[in-house]
Amino acid sequence: MTQTKKILRALAGETLDTPPIWMMRQAGRYLPEYRATRGEAGDFLSLCYNSALAAEVTLQPIRRYGFDAAILFADILLLPQALGADLWFVTGEGPRLSTIENQADFDKLKPVSEIHETLNPVYETVRILSRELPEETTLIGFAGMPWTVATYMVAGRGTPDQGPAHKLKDENPEVFDQIIDILTEGTVEYLSKQIEAGAEVVKLFDSWAGSLKGADFDRYAVEPAKKIIAALKERHPDTPIIAFPRGAGERYVGFAEETGADCVALDDGVTPDWAAANVQTSGCVQGNLKSSHMVTGGQDLVDETRKIVEALGKGPHIFNLGHGITPDADPENVQLMIDTVRGN
Ligand SMILES: Cc1c2[nH]c(c1CCC(=O)O)Cc1[nH]c(c(CCC(=O)O)c1C)Cc1[nH]c(c(CCC(=O)O)c1C)Cc1[nH]c(c(C)c1CCC(=O)O)C2
């Protein structure tokens, strides 16, 4: 089938005159309309599980900016919660979860077959969005990758070096591998349901892949990605998959072939020229403007945006940031980035 949506064309390997664009965390606290809806929902998790309001915040950046893709509003930590972990968010600090330190803690988790009971409102959000999005806008579903999600489940919070997860993996690999396995299986089921509800693309966030070195990168970043992608491709062969092994560095080279991903998302730790020569040779890439330009704006933003469009414009490319937009970003700078990409 010939695609008309720009994101799907880029993901199919087409080089477009101007790259399609969307932004990680595009529905977020930098937008006053997001803050208002979040206030209405009560707190962040209530917003994630309120399908009507989650759909509303997903649509807000589409209305304001006309991005080429909408990303489902949810969080990578909803899957551990659906598996029975306690989850809450401390304002100004971030997520907190019950911890997994040993076999007894792991054994308290629920089986994967029970996750949908908790996650049904997320699938409903996807159904609302697939009805309400403009026809040119692509709907992206997502999940966290097992290693990244495990780092939160083991430590019970975000950590600067993912130390507790490294320790459990090195000292008690039997328990750690069971966490990776249940998350691998759960992610396949979770994303399959999102696709069945109307997600047209799915993205796999491995935000802490960069702390895995050598054989650990193969075992805990590449292997789970390979398994998840193979299982999804078997059930949904036409759904493109974007993988984001953030911080992969040299390991971005060949990552798409190794895992079967249709596109790799680049963080801002690699230059666009290097990525064009070494990563885009395998297909579509997404990225990779530094998020801080959304705070600082000005000529630097314009220059860096043009540099990326030029370097990656000779192959399939989806313009995006290298990581999520931050709450202190200025919505005007987002418009300046879009105008620069689209040549307005
Ligand atoms: C590690 C991770 C998480 N969540 C996510 C990741 C992977 C991507 C990355 O590396 O940023 C992914 C995520 N989180 C959110 C989305 C929604 C879609 C989008 O707009 O990109 C997505 C794709 C909403 C969110 N997830 C969160 C917010 C902010 C919550 C709020 O409104 O107060 C949003 C909009 C909260 C969250 N959620 C998480 C943390 C560590 C935090 C706290 C940090 C922060 O406050 O920014 C876990």
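The values are calculated or read from the model by the stated rules, or taken from the named source; none is laboratory data. Keep in mind it's a predicted model, so treat the numbers as computed, not measured. Positions of Cβ are generated from backbone atoms using ideal geometry, with glycine treated the same way; all protein chains shown enter the neighbour counts. Accessible surface is based on the protein model in full, side chains and every heavy atom, while ligands, DNA and RNA are left aside. Shrake-Rupley method; radii C 1.70, N 1.55, O 1.52, S 1.80 Å.
Annotations
- Residue that is surrounded by the fewest Cβ atoms within 10 Å (Cβ to Cβ) [pool: residues in the range 70-86 that are more than 13 Å from the chain's Cα centre (by Cα) and either under 20 Å from G163 (Cα atoms) or without any contact (Cβ under 8 Å) to a residue 12 or more places away in the chain (or both)]: A85
- Boolean, T125 is within 16 Å of the ligand (Cβ to nearest atom), modelled with pLDDT of 95 or more and either in contact with a helix residue (DSSP H, G or I) (Cβ under 9 Å, 6 or more places away or on another chain) or open to solvent by less than 30 Å² (accessible area, probe 1.4 Å) (or both): yes
- Residue within the range 169-178 that is open to solvent by less than 10 Å² (accessible area, probe 1.4 Å) and assigned to a helix (DSSP H, G or I) present: yes
- Qualifying residue in the range 79-101 (condition: farther than 26 Å from V57 by Cα and touching a Gly at 6+ places or on another chain (Cβ under 6 Å)): yes
- Check on K314, more than 16 Å from the ligand (Cβ to nearest atom), part of a loop (DSSP other than H, G, I, E, B), over 23 Å from the mean Cα position of the chain (by Cα) and at pLDDT 95 or above: yes
- Restricted to the range 1-114, the set of helices (runs of 4 or more DSSP H) holding at least 3 residues that are in contact with a strand residue (DSSP E or B) (Cβ under 8 Å, 6 or more places away or on another chain) and more than 24 Å from S291 (Cβ to Cβ) comprises 78-82.
- Selected residue [free of Cβ contacts under 8 Å to residues at least 40 places away in the same chain, within 14 Å of the ligand (Cβ to nearest atom) and either under 24 Å from E200 (Cβ atoms) or crowded, with 24+ Cβ neighbours inside 10 Å (or both)] from G287, G322: G287
- The selection criterion, being part of a loop (DSSP other than H, G, I, E, B), more than 15 Å from A82 (Cα to Cα) and free of Cβ contacts under 8 Å to residues at least 60 places away in the same chain, holds for P160.
- Residue selection: E196 satisfies the criterion of being modelled with pLDDT of 95 or more, more than 16 Å from the ligand (Cβ to nearest atom) and within 20 Å of the chain's Cα centre (by Cα).
- Residues that are open to solvent by less than 30 Å² (accessible area, probe 1.4 Å) and touching a helix residue (DSSP H, G or I) at 6+ places or on another chain (Cβ under 7 Å), drawn from the range 24-52: Q26, A27, G28, Y30, L31, Y34, T37, A41, L47, C48, S51
- Qualifying residue in the range 330-342 (condition: away from the ligand (no atom under 15 Å from the Cβ), modelled with pLDDT of 95 or more and in a loop (DSSP other than H, G, I, E, B)): yes
- The listed residue being surrounded by fewer than 24 Cβ atoms within 10 Å (Cβ to Cβ), at pLDDT below 95, more than 19 Å from the chain's Cα centre (by Cα) and closer than 28 Å to A55 by Cβ, out of T118, T91: T91
- Residue tally, condition within 13 Å of L191 (Cβ to Cβ) and surrounded by fewer than 21 Cβ atoms within 10 Å (Cβ to Cβ), over the range 208-228: 1
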